[in-house]
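Okay, so here's the structure we're looking at.
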Amino acid sequence: MPRIFLISVLILLCFTQCFDQKKTQEKVASKKNASEIKINYKQYLGSILKIDTYENERVLESGYGFMLNDSVLISKYTLFRFANRAVVSPINSSKKYSVEGFLAVDRINDIIILKLKDYRSKGIPVYKEAPKSGGKIILVGKPRNKMIPLQKGKMLGKLRFTGRQFYKISNRIVGTRSGSPVFYNGKVVGLGFSETVEFEQTNLVTPMPFILKLYEQRHEVKALSALTGDEATSRANAKIKGLKIVTEVGTIQIRLFNETPAYRDNFIRLVEENYYDSLLIHRIIKGFGIQSGAADTRYAKKDDIVGWKGPGYTIPAHFNKKRFHRRGMIGSPRMPDTKNEKRRSDGSQYYIVSGRKYMDDELDEIEKQNNYKFSPLQRKVYKTEGGAPHLDGSYTIFGEVTSGMKIVDALSLQPVDSDYRPLVDIRVLDIDILK
C-alpha cells in the first residue's frame, strides 16, 4: 500500500506541475495578445514619405503618403489637384526626390497613385480587411533623437460621409499629416486624414480595398499636369468623335462641342479616370430632363441626400447665343446666383434635356423673368421640337445627344420622390470614348 500511495502522489505532482506550466504559458500568450505583438516600425521609415506639391515654383500643399512597392507611392489626390510637380522625402531622411507622374487617380475616394523618378523602397505590407472595432491603430511620426514617435488610438467603426465609406479612428491627424499611412497589426489599413463631419472635426481613414482596386486600374505614367489638362491633350480631344453613355436602361451616344474646350477636356478627363462609372442618374424632372455625375451617388443608399458633391472644383461659365437648350442638349448644372455670382458650373455633373414644347405666351413670360430675348429660331424650335428655354443665357451648354433620345425619354418618365430622385436607382455603368 505505501508503494502504491507514493506512485499516486508522484503522478499527481507531475500533473499539477504540467497544468501550472501550461496555465503560465497561456497567461503570457494572453498578455502578449492583449498588448500588441511587438512590431519594428523602424523598417518602414523609408517607405513613409513627406510630400510637397507645387505649381511651377509656387508651393501648394504638404502632406504624406506611403510606398506600396518599389517606386509606387500612395497619397491623397487633393494634395495634387492643381500641381504640375512634386517632391518627396522619407521621414528618416532630409534628401528630396522627384515625382515622375501618376499612374491612376480616384477623385471620389480622394486617392492618387504616383510613380517616383529616382527613389525606391520595398514598400509596406497592407491589411486588406476592416480592423476590428476597438483595435489598436498606430500613426508613425518622424524620428526624434533616434526615437520613433508612435501615436496610438483605436478603431471606432465604419462611417459613411458625402457618399463615401471610411473607417473612423480616435487618433488625431492634423492637416499637414493628411495622407499618413494608418497601421493595424503592423500593416497599413489606409490613408488617414481629418474632415469636418456634422460640425465636428473627425479623424478618418480611406480603406485599403479602394486603394488596391485603383492600383489594379493603373495606366502608363502621366505627367501631373494631365490632372488639370495640357495643350497636347486638348488638341487630341478635339478629334474625338463622341462618347457612349452606357446606363442600366440603355445607351446614349453624345458629342462634345469644341467651342467649349474647358468643358470638353474636363469631361473626357473624368471619363478616362472612370469617375462616372456607377454614379446614379440622381435627378429626373419631367418636362426638363435627366441629371448625373454627382460624386456622392456611387455608394448612396435610399435615404441619402445626394447631388451636392463634385470633384472639388468648378468651371468658368461659357455662354454662346448659337447654342440653346433645345431637346437633346447637354449642359452643366451649378449653384444658384445668390451663392454663385459668376455662374460657374459644377466640375462633374451634367444634364441632358428631354424638354417639352412651349407656346408663345410662355416664352414671352420667360423673357420677362430672365431678361433674355429669344431669337426667331429659338422660338420656332421650342414650339415645334421642345426644350428647356428657361435655362438659356445662364447655364453652359457643352454637348448634344447624337443617338439614344428614346433612352433619355424613357428615363425622364421614371417615378421620383419629392427631391426628384428616382424611386428605383438607375446607374451609369460606364462611359466609353469613340475615337
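Every number in this text was worked out from the coordinates using simple rules, so none of it is lab data. Owing to the predicted nature of the structure, the values given are computational and were not obtained by experimental measurement. Cβ sites come from the backbone with ideal geometry, for glycine too, and all protein chains shown count toward neighbours.
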Stretched out fully, how many nm does the piece from Lys380 to Phe161 gain, at 0.36 nm a residue minus the Cα gap? 74.2 nm
Would you mind checking Lys76/Lys96; Lys152/Lys309; Lys38/Lys122 for any pair whose Cα atoms are more than 27 angstrom apart? Lys152/Lys309
For segment 229-434, shape from the Cα gyration tensor axes a ≥ b ≥ c, cut at a/c of 1.5 then a/b versus b/c, turns out rounded
Scoring segment 229-434 by relative contact order with C-alpha pairs under 8 Å, at least six apart, yields a percentage of 35 percent
Mind jotting down the distance between the C-alpha centroids of segment 243-307 and segment 51-123, whole Å? 29 Å
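Calculate, in nm to one decimal, what Met335 and Val174 gain on full extension: separation in residues at 0.36 nm each, minus their alpha carbon distance.
54.9 nm
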Over the chain, what relative contact order in percent results from Cα pairs under 8 Å that are six or more residues apart? 14 percent
Can you compute the FRET efficiency between Lys128 and Lys42 using 1/(1 + (r/R0)^6), with r the Cβ-Cβ distance and R0 = 25 Å? Round to the nearest 0.05. 0.55
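Report the FRET efficiency, 1/(1 + (r/R0)^6), for Lys96 and Ser234, where r is their Cβ-Cβ distance and R0 is 45 Å, rounded to 0.05. Can you show the working numbers first?
Numbers: r = 32 Å, r/R0 = 0.70.
Step by step, r from the Cβ atoms, then E = 0.90.
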Could you tell me which helices of the chain pass both thresholds, a Cα extent of 18 Å or more along their own axis and a mean Kyte-Doolittle hydropathy of at least 0.0, with helices taken as whole DSSP H runs? 2-34
Trypsin sites (Lys or Arg not before Pro) within segment 316-412: which are DSSP loop residues with at most 14 other Cβ atoms inside 10 Å? Lys321, Lys322, Lys342, Lys357, Lys373
In deg cm²/dmol, rounded to 500, what helix-only [θ] at 222 nm does the chain give when every DSSP H run of at least 4 residues adds -39500 (n - 2.57) and the total is split over its residues? -6500 deg cm²/dmol
Gyration tensor verdict on the chain (Cα atoms; rounded if a/c is under 1.5, prolate if a/b is larger than b/c, oblate otherwise): prolate
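For a 30 Å ceiling on Cα separation, which of these pairs sit above it: Lys322/Lys368; Lys380/Lys435; Lys321/Lys406; Lys339/Lys380?
Distance filter (> 30 Å) returns Lys380/Lys435; Lys339/Lys380.
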Give me the dipole magnitude in Debye, nearest 20, for segment 73-125 about the Cα centre, with unit charges on the beta carbon: positive for Lys and Arg, negative for Asp and Glu. 160 debye
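Once you charge only the Cβ atoms, +1 for Lys and Arg and -1 for Asp and Glu, what is the size of the charge dipole of the chain about its Cα centre, to the nearest 20 debye?
On the way: 72 positive and 47 negative charges, 355 e Å.
About 1700 debye.
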